Amino acid sequence: MKAAYEYAGNLHMHTTYSDGAATHAEIAQAAIRAGLDFVIVTDHNVHVTGVEGYYYDTMHDHRVLLLTGEEVHDTRRSPQVNHLLVYGVEGELAGYAPNPQGLLSEVNDRGGFAYIAHPNDPAAPLFGEDALPWVTWDVEGYTGIELWNVMSEFKTALTSRRSAVRGAMELSRVISGPLPETLALWDRLLREQKKVKVIGGADAHGGSYSIGPITRTVFPYETLFRCVNTHIVTSMPLSGDFEHDKQLVLSALRAGNAFVGYDLPASTKGFQFVAQGHKTEAVMGEVLRIGHGVTLQIVAPQFAELRLIRNGEIILREVDITHRTYIASQVGAYRAEVYLRFQGKRRGWIFSNPIFVIE
Ligand SMILES: [Zn+2]
Ligand SMILES: [Zn+2]
């Protein structure tokens with residue numbers, strides 16, 4: 001496919017229907033202010049109907065496409081691990097939660113797809129927070145994993161009251177990349193030739209986050225929507241027609257035609273990772289035959305450190321550049337990473353989905 005359009009969205013958030021603080025309409029306004037093109041609301045164990053559509057700001061100048069998915073997990077399990085982000089399914093799935101494989105099969109049977117949420121979520125015992133990782137890995141039928149979950153990364157800073165307060169006051173101090181174990185997990189799955197795709201999500205709740213008995217802090221939706229987002233690439237533009245655009249967004253996410261971008265240090269808009277073979281082109285998430293060789297191209301929106309990774313191994317690393325091409329002569333899952341310095345620290349900025357080069 002030739003990608004001509006890019007749209008930024010967030011795929012993990014909660015409303016008052018579960019444990020979030022805002023309504024769908026309020027979330028839509030926050031997303032518009034943050035400049036997002038789409039959001040998918042994923043309340044815990046409830047699929048909310050009748051709220052999908054385009055929402056506009058008061059001046060009617062800007063709009064956001066709001067869709068609903070669901071974050072499904074077994075509430076009777078202790079701790080409540082195995083959270084699954086489900087997209088593209090109409091109807092309730094919470095009843096399938098106790099059996100992760102049954103849930104995944106049902107998602108696929110109903111024409112939807114699923115990403116494993118916060119696969120390596122840490123515990124924060126000082127604050128009474130359980131670890132909520134995915135633990136049932138002998139399953140199949142998931143499209144991918146949530147590579148970068150802002151709340152999971154924030155929990156890594158909850159090692160003392162002081163660092164928690166500092167992190168909560170300035171989220172950008174903490175947020176600097178996917179958890180290393182999640183990156184390693186992804187590469188391991190890719191080495192096993194599983195075509196695992198990734199998304200990044202806010203996991204926005206909008207409410208207060210308890211830090212001990214005294215301090216309570218708030219991460220507004222808008223703040224989180226300016227943080228880690230998923231950018232899709234498409235061959236057709238969003239038209240304004242709800243049904244058409246819903247299918248366009250969902251099919252890009254199902255195919256992994258997307259990258260994860262940390263939009264706070266600088267907008268990640270304009271990033272590209274494409275491959276050219278003999279008379280064919282591929283974008284992130286797609287498969288390409290190697291033939292006589294494939295040319296991979298990375299384009300960063302500004303000068304940065306670019307990395308190309310094949311089956312988990314760094315095969316190219318260059319600093320202070322915006323463009324790089326690479327002739328691939330081996331099959332494998334190729335993915336790109338971009339790093340940026342921000343507030344005195346090196347940050348993960350962009351993580352592309354793989355392009356799968358095959359025999
Ligand atoms: Zn969750
Ligand atoms: Zn969540």
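The values are calculated or read from the model by the stated rules, or taken from the named source; none is laboratory data. None of these values were measured; they are calculated from a predicted model. We place every Cβ from the backbone using ideal geometry, glycine too, and count neighbours over all the protein chains shown. Ligands, DNA and RNA are stripped out before the accessible areas are found, and what is left, the full protein with its side chains, is counted by its heavy atoms. Shrake-Rupley method; radii C 1.70, N 1.55, O 1.52, S 1.80 Å.
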With respect to Arg162, determine if the residue is among the basic types (Lys, Arg), surrounded by fewer than 18 Cβ atoms within 10 Å (Cβ to Cβ) and either within 16 Å of ligand 1 (Cβ to nearest atom) or without any contact (Cβ under 8 Å) to a residue 12 or more places away in the chain (or both). yes
Among the numbered criteria (1) within 20 Å of the chain's Cα centre (by Cα); (2) within 20 Å of Val228 (Cα to Cα); (3) surrounded by fewer than 22 Cβ atoms within 10 Å (Cβ to Cβ), which single criterion is violated by His12? (3)
When restricted to Leu93, Leu65, Leu85, the only residue among the aliphatic types (A, V, I, L, M), buried (at least 18 other Cβ atoms within 10 Å of the Cβ) and more than 16 Å from ligand 1 (Cβ to nearest atom) is Leu65
How about region 165-182: which of its residues are more than 26 Å from Asp43 (Cβ to Cβ), in a helix (DSSP H, G or I) and in contact (Cβ under 8 Å) with a residue 60 or more places away in the chain? Ser172, Arg173, Glu181
With over 17 Å from the mean Cα position of the chain (by Cα) and of a type in the set (Asp, Glu) as the only criterion, which of Glu337, Glu318 stands out? Glu318
Whichever residue in region 15-32 is open to solvent by 50 Å² or more (accessible area, probe 1.4 Å) and assigned to a loop (DSSP other than H, G, I, E, B) and, among such residues, is nearest to ligand 2 (Cβ to nearest atom): Asp19
Which strands (runs of 3 or more DSSP E) does region 38-156 wholly contain that include 3 or more residues that are within 15 Å of ligand 2 (Cβ to nearest atom)? 38-41, 70-72, 84-87, 113-116, 144-149
Whichever residue in region 23-62 is within 16 Å of ligand 1 (Cβ to nearest atom), within 16 Å of the chain's Cα centre (by Cα) and of a type in the set (A, V, I, L, M) and, among such residues, is farthest from Asp263 (Cα to Cα): Val41
If the requirement is being out of contact with any Pro (no Cβ under 6 Å at 6 or more places or on another chain), β-branched (Val, Ile, Thr) and at pLDDT 95 or above, which of these qualifies: Val174, Val218, Val260? Val260
Enumeration of residues in region 317-341 that are farther than 21 Å from Lys197 by Cα and not basic (Lys, Arg): Glu318, Val319, Asp320, Ile321, Thr322, His323, Thr325, Tyr326, Ile327, Ser329, Leu340
Would you check which residues across region 177-191 are of a type in the set (D, E, K, R) and under 22 Å from Leu253 (Cα atoms) and list them? Asp187, Arg188, Arg191
Looking only at region 223-265, which residues are part of a helix (DSSP H, G or I) and of a type in the set (D, E, K, R)? Glu243, Asp245, Lys246, Arg254
For region 325-336, indicate whether the set of residues that are surrounded by fewer than 20 Cβ atoms within 10 Å (Cβ to Cβ), aromatic (Phe, Trp, Tyr), over 21 Å from Gly285 (Cβ atoms) and modelled with pLDDT of 95 or more is non-empty. no
So which residues in region 165-204 are within 16 Å of ligand 1 (Cβ to nearest atom) and within 15 Å of Arg226 (Cβ to Cβ), if there are any at all? Gly200, Gly201, Ala202, Asp203, Ala204
Which number in (1) within 15 Å of ligand 1 (Cβ to nearest atom); (2) surrounded by fewer than 20 Cβ atoms within 10 Å (Cβ to Cβ); (3) closer than 22 Å to Gly200 by Cβ; (4) among the hydrophobic types (A, V, I, L, M, F, W, C) marks the one condition that Val139 misses? (1)
Leading residue by the ranking (surrounded by the most Cβ atoms within 10 Å (Cβ to Cβ)) among those in region 229-251 that are in contact (Cβ under 8 Å) with a residue 24 or more places away in the chain and among the aliphatic types (A, V, I, L, M): Ile232
Does Thr75 fit the bill of being crowded, with 16+ Cβ neighbours inside 10 Å and within 16 Å of ligand 1 (Cβ to nearest atom)? no
